[in-house]
Amino acid sequence: QVQLVESGGGLVQAGGSRRLSCQSSVSLFSLSAMNWYRQAPGKQRELVARVTTGGTTDYADSVKGRFTISRENVKNSVDLQMSSLKPEDTAVYSCKVVFVGKSYWGEGTQVTVAS
């Protein structure tokens, strides 16, 4: 069983930055995948960024060059640094991890970007 708690959401002005954190109850070294997703009102959930246990990262085209996902092994957290935010980045951001072949989700944190 894995518990995930996201934090860092809030209201930010367009062009600003925000750092999200996903705190895991188990060591990151136990996880086979670590991902950030988002879901905007009326839209399907989309994969924003992912990082493998080996540190390889991948991003949605819409956030490349603006978002950075990182593993904070000491803190057991997976962070998402978001910069140059746009109103279309407004969404509930959730992290998902895979532990022993099973997926676990956090409850999500709201990010609202004001124009």
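Between Asn73 and Ser30, 0.36 nm times their residue separation minus their Cα-Cα distance comes to what?
Gain on extension, Asn73 to Ser30, equals 14.4 nm.
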Report task. Give the Cα extents of region 1-48 along the principal axes, in whole Å, largest first. Result -> 36, 23, 14
Query raised in the report: Could you give the dipole magnitude of the chain about its Cα centre, charging the beta-carbon of Lys and Arg +1 and that of Asp and Glu -1, in debye to the nearest 20?
Result: 60 debye
**Report entry** All Cα pairs of region 2-115, percent lying beyond 19 Å
**Finding:** 39 percent
Query raised in the report: To the nearest 20 debye, what charge dipole does region 1-50 have about its Cα centre, counting +1 at the Cβ of each Lys and Arg and -1 at the Cβ of each Asp and Glu?
Result: 140 debye
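Every number in this text was worked out from the coordinates using simple rules, so none of it is lab data. Being a predicted model, the structure only gives us computed values, none of them experimental. Here the Cβ is made from the backbone with ideal geometry for all residues, glycine too, and neighbour counts use every protein chain on show.
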